[in-house]
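Worksheet: one structure, shown below.
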Amino acid sequence: LSGNAKNTFLAGNPDSHRNFLSKGLRCLLDVPNTEVYRNAHHGLGRFCSQSSQPLGKKIPSLQISSVGQSPHHFSAWNIQIIRSFHTSPSLQAAPVPLFWIIVKPAQKLFAIILGRSIRNWWKALPPNKRELFKESARKNKWKILLGVSSLGVVFVMFYFTHLEETPITGRARLLVFGKEHFRELSQMEYDMWMEQFKGQMLPETDARYQVVERVVGHLSESNKDVPQVSALKWVIHVVDEPGVNAFVLPNGQVFVFTGLLDAVSDIHQLSFILGHEIAHAVLEHAVKKASLVHFLDFLSLIFLTMIWAICPRDSLAVVGQWIQSKLQEFMFDRPYSRTLEAEADKVGLQFAAKACVDVRASSVFWQQMELAETIQGQPKLPEWLSTHPSHENRAEHLDRLIPEALKIRESCNCPSLSGPDPRLIFRLNMKYLLESSKGREAPNSTKQDLSKPKLDFPHT
């Protein structure tokens, strides 16, 4: 859920899994003791009957919001701005198989040495021999073209013979590595996280641990008809860490930071977020991303060799190699990561709907993230620069999925949703926030400074 410095899901850098531990991430919209959502979220007892425990217990760090009063009578919002918020840290989900982490730099080095050797060999040839080679290439151009085409056919055949069907969604996916490798590496990564957070783990008696345990247990119980969900044993770990973060390892180990519990407004938002993370594990996104990265990296070795063979100087070859890596990143890696995030949003919303969660709260969460960045005055980067969809696009995507999720919820015989739509409540609160901000601007001010808003909510 964090930093993914706009994270790549599996970038191939074994150290990048620590990027998400930014100490500056804090809660965004903490709405404790407000009168904003009274009728929209009144209690948690209306979850599916499969749940073995009630989820209605309030805890200090997770307020169940409500609606009732007009926007002019809710209490002050404690807005603590976070720098960025993105779901599913990249390497937290699963690293690339250990062998390829070690071998990958050696592969690139070999391609560079080979390309550079070809260039030096060509430069050392006398002019007459160069002409002979050129003439021979012209005479055998069809044979050369056939050889290159055959190599391309081999790659295409390899790609299509390693396609499998994604669970639940049925979408075709590339799988190069065996799942058993990732189970072993998941255990290794689990040991690493446990060692790192050994002094920060909350005990099972802590109320925050118990609410996460109930939410995950309820999600898994409500979706036990999905084989991939029932096959995993979900183990909860709540880390006393201010970072707004959560991730699930492929072996079912769930890690949630207390900063996330402070950031969500209600139990419904938390349920959707954890459903999203569980979807990453169920859909085996770690294996899919690692497979694509490995396939593209192997294919790029050919272009890397050509770059170092064709460029007349090493400096130009370095620039060409950098351009190639950026093209691969922005044309393949990041778009694919955004696709996986959107897929996890869709499936996670379905998981939440089957658990009788108010799925309408899912898009509100991302609108809160958008509001946080706007208030802080952070520049909006184009989506194509990120591994995640923008907060605004994510909220819009979820809004399009909510009608279908509500039908799924109804088919589970869930109690009807009563009270105002949380999306409407958020819009009313936004309207009041903007009106309050404008009303407190200095008379000679001609432009509102969103990075330093003058907000003064009346206390009830």
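Name every residue in region 389-412 that is of a type in the set (Lys, Arg) and more than 27 Å from Arg334 (Cβ to Cβ), in order of residue number.
Matches in region 389-412: Lys407, Arg409.
Yes/no per residue for (1) outside the structural domain of Gly115 (by the TED database); (2) among the basic types (Lys, Arg); (3) under 30 Å from Pro250 (Cβ atoms):
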site: Lys289; (1), (2), (3): yes, yes, yes
site: Leu296; (1), (2), (3): yes, no, yes
site: Phe303; (1), (2), (3): yes, no, no
site: Met306; (1), (2), (3): yes, no, no
site: Ala309; (1), (2), (3): yes, no, no
site: Ser315; (1), (2), (3): yes, no, no
site: Val319; (1), (2), (3): yes, no, no
site: Trp322; (1), (2), (3): yes, no, no
site: Ser325; (1), (2), (3): yes, no, yes
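Quick one: which residue in Leu249, Leu219, Leu260 is modelled with pLDDT of 90 or more, in the same structural domain as Cys412 (by the TED database), of a type in the set (A, V, I, L, M, F, W, C) and under 21 Å from the mean Cα position of the chain (by Cα)?
None of the other options fit; the residue is Leu219.
Checking the conditions here, which among Thr169, Thr161 is under 29 Å from Val235 (Cα atoms) and either β-branched (Val, Ile, Thr) or not assigned by the TED database to the domain that holds Val254 (or both)?
Of Thr169, Thr161, the one residue that is under 29 Å from Val235 (Cα atoms) and either β-branched (Val, Ile, Thr) or not assigned by the TED database to the domain that holds Val254 (or both) is Thr169.
I'm told Gln367 meets every condition in (1) at pLDDT 80 or above; (2) over 30 Å from Thr339 (Cβ atoms); (3) of a type in the set (S, T, N, Q); (4) surrounded by 15 or more Cβ atoms within 10 Å (Cβ to Cβ) except one. Can you identify the failing condition by its number?
(2)
Kindly indicate which of Val154, Val176 is within 37 Å of the chain's Cα centre (by Cα), of a type in the set (Val, Ile, Thr) and loosely packed, with under 11 Cβ neighbours inside 10 Å.
Of Val154, Val176, the one residue that is within 37 Å of the chain's Cα centre (by Cα), of a type in the set (Val, Ile, Thr) and loosely packed, with under 11 Cβ neighbours inside 10 Å is Val154.
What number goes with the only condition from (1) of a type outside the set (Asp, Glu); (2) in contact (Cβ under 8 Å) with a residue 40 or more places away in the chain; (3) assigned to a loop (DSSP other than H, G, I, E, B) that Gly199 does not pass?
Gly199 satisfies every listed condition except (2).
Just name the residue that is surrounded by the most Cβ atoms within 10 Å (Cβ to Cβ) out of those in region 263-295 that are within 12 Å of Ser362 (Cβ to Cβ) and under 14 Å from the mean Cα position of the chain (by Cα).
Phe272
Just to be sure before I move on: is Ala137 free of Cβ contacts under 8 Å to residues at least 24 places away in the same chain, of a type in the set (A, V, I, L, M, F, W, C) and open to solvent by less than 50 Å² (accessible area, probe 1.4 Å) in the structure I sent?
Answer is yes for this residue.
Does region 185-196 hold any residues that are open to solvent by less than 50 Å² (accessible area, probe 1.4 Å) and not hydrophobic (A, V, I, L, M, F, W, C), and which are they?
Ser186, Glu189, Tyr190
Read through the list (1) surrounded by 14 or more Cβ atoms within 10 Å (Cβ to Cβ); (2) modelled with pLDDT of 90 or more, then give the number of the only condition that Phe182 fails.
(2)
Looking only at residues that are basic (Lys, Arg) and touching a residue at least 40 places away in the same chain (Cβ under 8 Å) in region 213-256, which one is surrounded by the most Cβ atoms within 10 Å (Cβ to Cβ)?
Filtering region 213-256 for residues that are basic (Lys, Arg) and touching a residue at least 40 places away in the same chain (Cβ under 8 Å), the one surrounded by the most Cβ atoms within 10 Å (Cβ to Cβ) comes out as Arg214.
I'm checking my understanding of the structure. Among residues of region 339-398 that are without any contact (Cβ under 8 Å) to a residue 12 or more places away in the chain and assigned to a helix (DSSP H, G or I), which one is farthest from Leu434 (Cα to Cα)?
Among residues in region 339-398 that are without any contact (Cβ under 8 Å) to a residue 12 or more places away in the chain and assigned to a helix (DSSP H, G or I), the one farthest from Leu434 (Cα to Cα) is Thr339.
Could you tell me whether Asp399 is among the charged types (D, E, K, R), farther than 22 Å from Leu175 by Cα, open to solvent by 10 Å² or more (accessible area, probe 1.4 Å) and in contact with a helix residue (DSSP H, G or I) (Cβ under 8 Å, 6 or more places away or on another chain)?
Considered against the rule, which asks whether it is among the charged types (D, E, K, R), farther than 22 Å from Leu175 by Cα, open to solvent by 10 Å² or more (accessible area, probe 1.4 Å) and in contact with a helix residue (DSSP H, G or I) (Cβ under 8 Å, 6 or more places away or on another chain), Asp399 comes out as yes.
Six or more apart or on different chains, Cβ under 9 Å: which pairs go from a residue in region 108-133 that's outside the structural domain of Leu296 (by the TED database) and in a helix (DSSP H, G or I) to one that's open to solvent by 70 Å² or more (accessible area, probe 1.4 Å) and acidic (Asp, Glu)? Could you list them?
none
Residue under question is Arg360, and the condition is that it be in contact with a helix residue (DSSP H, G or I) (Cβ under 7 Å, 6 or more places away or on another chain), open to solvent by less than 10 Å² (accessible area, probe 1.4 Å) and among the charged types (D, E, K, R); does it hold?
It is false that Arg360 is in contact with a helix residue (DSSP H, G or I) (Cβ under 7 Å, 6 or more places away or on another chain), open to solvent by less than 10 Å² (accessible area, probe 1.4 Å) and among the charged types (D, E, K, R).
Does region 197-210 contain at least one residue that is of a type in the set (Gly, Ala, Ser), open to solvent by 40 Å² or more (accessible area, probe 1.4 Å) and farther than 28 Å from Ala405 by Cβ?
Yes, the conditions are met somewhere in region 197-210.
Taking region 188-212 only, how many residues are of a type in the set (Asp, Glu) and under 10 Å from Val239 (Cβ atoms)?
Count: 0.
The values are calculated or read from the model by the stated rules, or taken from the named source; none is laboratory data. On a predicted model such as this, the values are computed, not experimentally measured, just so you know. Methodologically, a virtual Cβ is constructed for each residue, glycine included, from the backbone with ideal geometry; neighbour enumeration extends over all protein chains shown. Each accessible area value is taken on the protein alone, full model and side chains, heavy atoms only, with ligands, DNA and RNA left out. Shrake-Rupley method; radii C 1.70, N 1.55, O 1.52, S 1.80 Å.
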